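Everything below concerns the one structure shown next.
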Amino acid sequence: METVLNGLTPEACLVYLDDIIIVGKSFEEHLSNLRRVFEKLKEAKLKLNPSKCNLFRHEVNYLGHIISADGVRTDPQKVSAVKDWRRPKNVHELRSCLGLCTYYRRFVKGFSSIARPLHRLTENKQKFLWTDECEEAFNSLKAALTSSPILVYPDPEKQFILDTDASHESVGAVLSQEINGQEHVIAYCSKCLSKPERNYCVTRKELLAIVKAVENFHSYLYGRKFLLRTDHASLTWLLNFKNTEGQIARWIQKLEEYDFEIKHRKGSLHENSSISLSCLREKGGVWTGKTVMSKAVEHTRAAEASDEKRERLQADQVRHSSVRAAETPEQYQV
């Protein structure tokens, strides 16, 4: 079907297999787009089933989502059954539940962090033992799905805002835009950290959160200037640091493909993307470059001291960069 409708932009129609949704900002534009789709289908000698066609609707059910002028929300009929979900008795039942939850994960803030105890039970050779932590996660997902927000449509004419955060076990992000003076969510994303990633220092985790966020929202952000907000002040200078090596260098090189302005804001104002209060906080005023670097050095050293395995990471560029910067702060003022 994508081949048949080739040449029509997403602003005119969207297609998934044999499901087509046609849109328009006005009745005239919608009628024009509808005519273009009919012409394409006619050229391909394809027929439509009238009983499955809905024309000139202000709201439509499409792929388990309710699409309307207000935005996108979950299909009430799909998630209504979630309220009556009983506790899964085995891995098969749990995977079935997680399948539906994962489909709607863009509506749930911190999905990976919430669902992590349940995903552990689905791992190979993992004994199915339902704990209080699993029960809490299960109920939290049910509550999140049955009260999910309406996600607004992205406006290519407005600036995107990307908020990122990291905790001990996961990273997450929120993509939003300001509409009529108020920020509205477009989508959430999150990712559970692997065992090696959980051993990263805070600065590295926060940088990983940014990398995963831009990868997830690549289609929205690439080629457009956007605002990146973080509650980890060290990143405001780290992304501009020139002498990075290894993994940090590869991440920064990846981020150089995007055009963004990075801004630090206090953790108390960063709750829309916060997974947990695991980041460095500044309680008073604006940080100078020297303060930022000394804080980064102190926190990195503390993280290293907490784990003897960290001794094998002497080449950690974040730590070395922080030390060099702290020794010559006048060269690295924020």
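The values are calculated or read from the model by the stated rules, or taken from the named source; none is laboratory data. All values reported here derive from a predicted model rather than from experimental measurement. No Cβ is skipped: glycine too gets one built from the backbone with ideal geometry, and neighbour counts run over all protein chains shown.
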Original post:
Are any residues in region 135-166 surrounded by fewer than 22 Cβ atoms within 10 Å (Cβ to Cβ), hydroxyl-bearing (S, T, Y) and farther than 30 Å from T9 by Cα, and if so, which ones?
Top reply: S140, T146, S147
Original post:
Is at least one residue of region 29-52 in contact with a helix residue (DSSP H, G or I) (Cβ under 7 Å, 6 or more places away or on another chain) and closer than 19 Å to P154 by Cβ?
Top reply: no
Subject >> Test result for I22, touching a Cys at 6+ places or on another chain (Cβ under 7 Å) and surrounded by 10 or more Cβ atoms within 10 Å (Cβ to Cβ) >> reply: yes
**OP:** Find all pairs meeting these conditions: Cβ atoms under 7 angstrom apart; at least six residues apart or on different chains; first residue within region 28-40 and under 11 Å from C13 (Cα atoms) and in contact (Cβ under 8 Å) with a residue 12 or more places away in the chain; second residue among the polar types (S, T, N, Q) and in a helix (DSSP H, G or I).
**Re:** none
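Within region 219-262, can you find the residues that are of a type outside the set (A, V, I, L, M), part of a loop (DSSP other than H, G, I, E, B), closer than 12 Å to E206 by Cα and touching a strand residue (DSSP E or B) at 6+ places or on another chain (Cβ under 7 Å)?
D231
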Subject >> Residue in region 253-266 that is at pLDDT below 85, under 24 Å from R106 (Cβ atoms) and surrounded by 12 or more Cβ atoms within 10 Å (Cβ to Cβ) present >> reply: yes
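Do you know which residues across region 37-68 are part of a helix (DSSP H, G or I) and surrounded by 14 or more Cβ atoms within 10 Å (Cβ to Cβ)?
Scanning region 37-68 gives V37, K40, L41.
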Original post:
Given the structure, is L175 free of Cβ contacts under 8 Å to residues at least 60 places away in the same chain and surrounded by 18 or more Cβ atoms within 10 Å (Cβ to Cβ)?
Top reply: yes
